[in-house]
Amino acid sequence: MILMDNVIREGHPTLRARAKELTFPLSKEDKQLGQDLMEFLINSQDPELSEKYDLRSGIGIAAPQVNESKRIFALHLPDDSDNPLSFVAVNPKIVSHSVEKTYLTNGEGCLSVDRNVDGFVPRHARITVKFFTLDGEEKKMRLKGLQAILFQHELDHLNGVMFYDHINESNPFAEVPNSQPIVNN
Ligand code: SB7
Ligand code: NI
């Protein structure tokens with residue numbers, strides 16, 4: 001079971017490495033890793049379990065965050081009421097994206113970053129993605145809004161990129177050209 005002690009924090013070199021592709025069929029260990037990442041997200045969003053295990057709530061987590069430099073992450077966004085999203089993605093990629101950008105007006109956070117970093121994080125507003133499931137089935141889907149932002153945040157982790165790398169250094173709240181902001185709490 002993944003606990004906060006298993007989550008590495010900024011400064012750890014694994015967060016800056018390019019993670020390795022997985023090969024199919026997945027090993028038992030890699031399958032278990034995918035299941036553990038998803039279990040962490042579900043537990044972290046459960047009021048009792050998150051309190052019991054002292055978990056910070058998360059909607060996504062990537063393997064490098066638990067010091068496994070592998071191209072696999074989990075997303076679990078259940079309360080996006082009309083459109084829930086929950087999957088484990090292996091060897092994920094963005095096959096095309098909109099020219100239009102988006103960003104969360106309140107910025108992004110990260111389980112591997114124990115501080116608030118203010119500023120807009122420009123993301124593609126819409127993306128078409130491909131990935132493999134734990135069983136080796138290839139999936140293709142279109143994502144927009146928070147779902148698209150989350151996918152890009154997790155994919156960045158597989159490439160050694162942190163969300164604040166995208167923030168305008170001289171003016172963190174600089175206008176993002178051609179963008180549709182998403183107002184979050
Ligand atoms: C806000 C939160 C996240 C992504 C985009 C906006 C996810 C935070 C949890 N993670 O650190 C996952 O890598
Ligand atoms: Ni993160």
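For the reader, a short list of remarks on this structure follows.
- Calculated from backbone phi, Karplus (6.51, -1.76, 1.60) coupling profile of segment 141-151 in Hz, x at Gly/Pro: 8, 9, 10, 9, x, 4, 4, 5, 4, 4, 4
- For segment 1-71, relative contact order (Cα pairs under 8 Å, six or more residues apart, normalised by length) works out to 50 percent.
- Amide H partners (placed H, <5 Å) of K70, local residues excluded: K20
- Where the chain is the region considered: accessible area per residue in Å², 1.4 Å probe: 53 Å²
- The residues packed around G160, meaning those with a beta-carbon under 11 Å from its beta-carbon, carry a net charge of 0 if Lys and Arg are +1 and Asp and Glu are -1.
- Residue-averaged 222 nm ellipticity for the chain, from DSSP H runs of 4+ at -39500 (n - 2.57), nearest 500: -6500 deg cm²/dmol
- Mean Cβ neighbour count within 10 Å, used as a protection proxy, ranking 172-185, 5-18, 151-164 highest first: 151-164, 5-18, 172-185
- Counting only aspartates and glutamates at least 8 places from K139 when in the same chain, those with an alpha carbon closer than 20 Å to its own are E21, D30, E154, D156.
- Note on the chain: GNM, Cα springs under 10 Å; of K139, K93, K31, the largest mean-square fluctuation is that of K139.
- The HN-Hα couplings worked out from phi for segment 154-163 by the Karplus form 6.51 cos²θ - 1.76 cosθ + 1.60 (θ = phi - 60°) are 6, 4, 4, 4, 6, 10, x, 10, 9, 4 Hz, whole numbers, x standing for Gly and Pro.
- Among S112, S86, S96, the largest mean-square fluctuation in a Gaussian network model of the chain (Cα springs under 10 Å) belongs to S96.
- Candidates N43, N106, N83, ranked by Gaussian network fluctuation over the chain, Cα under 10 Å, top entry: N83
- Overall form of segment 1-120 per C-alpha gyration tensor (a/c, 1.5; a/b vs b/c): rounded
- For segment 116-162: rounded, prolate or oblate by the Cα gyration tensor [a/c cutoff 1.5]: oblate
- Accessible surface of the chain, 1.4 Å probe, proportion on carbon and sulfur as whole %: 46 percent
- Derived scalar couplings ³J(HN,Hα) [segment 39-49; Karplus, 6.51 cos²θ - 1.76 cosθ + 1.60; whole Hz; x for Gly, Pro]: 4, 4, 5, 4, 4, 5, 9, 8, x, 5, 5
The values are calculated or read from the model by the stated rules, or taken from the named source; none is laboratory data. What you see is a predicted model; the values in this text were computed from it and never measured. Cβ atoms come from the backbone with ideal geometry, glycine included; neighbour counts cover every protein chain shown. Ligands, DNA and RNA are excluded from the accessible area calculation, which covers all protein heavy atoms including side chains. Shrake-Rupley method; radii C 1.70, N 1.55, O 1.52, S 1.80 Å.
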